[in-house]
Amino acid sequence: MTLPFFPTDLFDDDRAELLDIVHRVGVAPEQKFILGERTARFEAAIRDSVGAADAVACGSGTSALTLVLRAMDVGAGDEVIVPAFGCAPLAAAPALLGATPVFADVDPWTMVVDPAAVARLVTPRTKVIMPAHMFSVMADMPELRRIATEAGVRLLEDSAVAQGGTLAGTPAGMWGDAGVYSFVQVKTFGMPGEGGMVVTCDAGLGSAVRMLRNHGQDGKSRFVYHRIGYNSRFDEIMAEFQLYRLPTLPRRLRRRARIGEYYTERFAELAGCGVLAPPPARDGRCYYVYSLLCERRDELREYLAARGIGSHVYYPAPLPRQPAFAPYTRPGDAWPAAELAARRTLAIPIYPHLTDVQVERIADAVCRFAKES
């Protein structure tokens, strides 16, 4: 039996409800398909769940990052410090606004941005520090918050993979001036479509994002454009679907955590065999993806595939080594930990509906590979 890395049955149990929602929204007299009452209720639910002043639903997590940076007046001449290892939007969002992404190296074990590297890169041109939580580990937000405050710059927390995680009692997304979640299919609160959310304790920042997501309109007077904005509006069908699924999110997160903790316990003895699990901990964990660091990554991937177990390589090159972002680097720049992560990281399945037997099968295969090699 094959265990895919990206499961095709994430929403099978919700299919009837989803079809019913499509019908209800489709035949509703108001014929409101974006930014309606359902979106407002979804925003309120997320806002209240994390204790934010505002939550603004957007068309995607990527566009949410861009909208927040734009609301922070990031533009030409500004620098935004981002991790050297991660997904393209971290660098693309500031670049698209005319700013310069500045790449900070990551911790070689957790693969989240290294606060010491961030501190060394702060200059008078720095406008925003934008850390990202990675795989199953949240970034060191207390230290990054301190660095941003002392430097007098904004802190934007990319929590696309970490919704539901907490660090020192503070929810992911609430350490910075604003945080961003993603609802794309495979995220911890994914849905069958694109979507994102900005959360913030700065009501003014939330209001600016709300206006920017809808062509610069204030939501009261249509066709009056107060700012040059974007089209990043949320879908009413998905808002209703996410409201339906929100009460079960804690259960799914607990299941992910149990699987992740089981993996970490099983793999603790493999470090000497060239397979390194994430650091064992409960605080600051967000089990979106469970990624190993493996000396012979490609061989492990082939070994698992031969046994019907899917795996996935995230980010085979650091961001500054990607052709699109190479122009933002300088000769002599180096990101050794990010380079090492790109060569060694391999993610294994952790979706919540894996059975205990399936989880044991995956762990057994990883252990056999390490010990036989």
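Label THR123 and ARG307 with points 7 Å out from Cα along Cα→Cβ: what is the distance between them in nm?
With each label point 7 Å from Cα toward Cβ, the separation is 4.9 nm.
With the alpha-carbon atoms as the only input, what is the per residue convex hull volume for region 146-224 in Å³?
114
With an 8 Å cut-off on Cα pairs and a minimum separation of 6 or more residues, tell me the relative contact order of region 141-182 in percent. Provide the component values of the computation, followed by the final result.
On the way: 56 pairs, mean separation 17.4, N = 42.
Relative contact order comes out at 41 percent.
R0 = 30 Å: FRET efficiency of GLU17 with ARG361, Cβ-based, nearest 0.05?
Numbers: r = 31 Å, r/R0 = 1.03.
It comes out at approximately 0.45.
Below 18 Å, Cα to Cα, which lysines can LYS220 reach? Residues fewer than 8 away in the same chain don't count.
LYS32
Please give the FRET efficiency for PHE223 paired with LEU246, using the beta carbon to beta carbon distance and R0 = 41 Å, rounded to the nearest 0.05.
Once rounded, the FRET efficiency stands at 0.75.
Report, ordered by chain and residue number, the aspartates and glutamates lying within cross-link reach of LYS371, taken as a straight Cα distance under 15 Å and ignoring same-chain residues fewer than 8 apart.
GLU269, GLU295, GLU299
Please report, to two decimal places, log10 I(q)/I(0) for region 248-373 at q = 0.18 Å⁻¹ as given by the Debye formula with identical point scatterers on the Cα atoms and no solvent.
Each listed q maps to, in turn, -0.98.
Any chance you could list P(r) for region 241-299, counting all Cα-Cα pairs in 5 angstrom bins from zero, rounded to whole %?
With a bin width of 5 Å, the distribution comes to 4, 17, 23, 19, 14, 10, 7, 5, 2, 0.
Calculate the translational D of the chain in whole µm² s⁻¹ from Stokes-Einstein, where the hydrodynamic radius comes from the Kirkwood formula applied to all Cα pairs, the temperature is 4 °C and the viscosity 1.567 mPa s.
This corresponds to a translational diffusion coefficient of 61 µm²/s.
So which trypsin sites (Lys or Arg not before Pro) in region 76-134 end up in coil per DSSP with only 15 or fewer other C-beta atoms within 10 Å? Walk me through the numbers before you get to the answer.
On the way: sites: ARG120, ARG125, LYS127; in loops: ARG125.
Sparse-neighbourhood loop trypsin sites (Lys or Arg not before Pro): ARG125.
In whole percent, and with a 1.4 Å probe on the protein chains, what portion of the accessible area of region 1-135 is carbon and sulfur?
Working: 3160 of 5520 Å².
Looking at region 1-135 in its full context, I get 57 percent from C and S.
Lys/Arg Cβ at +1, Asp/Glu Cβ at -1, dipole of the chain taken about the Cα centre: which of GLY274, GLY173, ALA363 is farthest positive-ward?
It is GLY173, whose Cα lies furthest towards the positive end.
Jot down the per residue volume, in cubic angstrom and as a whole number, of the convex hull over the alpha-carbon atoms of region 1-133.
Normalising the Cα hull of region 1-133 by residue number yields 179 Å³.
Using amide H atoms built in the peptide plane, which far-off residues or other-chain residues are under 5 Å from PHE325 H to H?
none
As a check on your grasp of the helix formula, calculate [θ] at 222 nm for the chain: sum -39500 (n - 2.57) over DSSP H runs of n ≥ 4, divide by the residue count, round to the nearest 500.
Rounded to the nearest 500, it is -11500 deg cm²/dmol.
Based solely on C-alpha atoms, express the radius of gyration and the Dmax of region 59-135 in angstrom.
Cα only, region 59-135: 11.9, 34 Å (Rg, Dmax).
Using heavy-atom solvent-accessible surface (probe 1.4 Å) with all chains present, what is the largest-first order of ILE34, ILE237?
Working: ILE34 70, ILE237 35 Å².
Result of the area sort, largest leading: ILE34, ILE237.
What is the extension gain from ASP283 to GLU150, computed as 0.36 nm multiplied by their sequence separation minus the C-alpha to C-alpha distance, in nm to one decimal?
The span from ASP283 to GLU150 would gain 45.4 nm if fully extended.
Check each of the trypsin sites (Lys or Arg not before Pro) in region 262-334 and keep only those in coil by DSSP with at most 15 other C-beta atoms within 10 angstrom; list them in order.
Taking region 262-334 and a limit of 15 other Cβ atoms within 10 Å, the loop trypsin sites (Lys or Arg not before Pro) found are ARG282, ARG307.
In the P(r) worked out for region 1-78, what percent of Cα pairs fall beyond 20 Å?
Tail fraction, whole percent: 60.
If I take R0 = 30 Å and measure r between the Cβ atoms of LYS32 and LEU10 in this structure, what FRET efficiency does the formula 1/(1 + (r/R0)^6) give, to the nearest 0.05?
Given R0 = 30 Å and the Cβ-Cβ separation, E is 0.65.
Can you give the Rg to Rh ratio for region 201-248, taking only C-alpha atoms and Rh from Kirkwood?
1.10
For a quick protection proxy, order the peptides 17-29, 350-362 by their average other-Cβ count within 10 Å, most packed first.
350-362, 17-29
Over all Cα pairs of region 73-231, how is the pair count split among 5 Å bins, expressed in % and running from 0 up to the last occupied bin?
Whole-percent P(r) values from 0 Å outward: 2, 9, 17, 21, 22, 15, 9, 4, 1, 0, 0.
So how strong a dipole does region 52-180 carry about its Cα centre when Lys and Arg Cβ are +1 and Asp and Glu Cβ are -1, to the nearest 20 debye?
Result for region 52-180 is approximately 180 debye, rounded to the nearest 20.
The values are calculated or read from the model by the stated rules, or taken from the named source; none is laboratory data. Predicted, not measured: the structure shown is a model, and the values here were computed from it. With ideal geometry, Cβ positions are generated from the backbone for all residues, glycine too; neighbour counts draw on all protein chains shown. Protein only, heavy atoms only, side chains kept; ligands, DNA and RNA dropped before computing areas. Shrake-Rupley method; radii C 1.70, N 1.55, O 1.52, S 1.80 Å.
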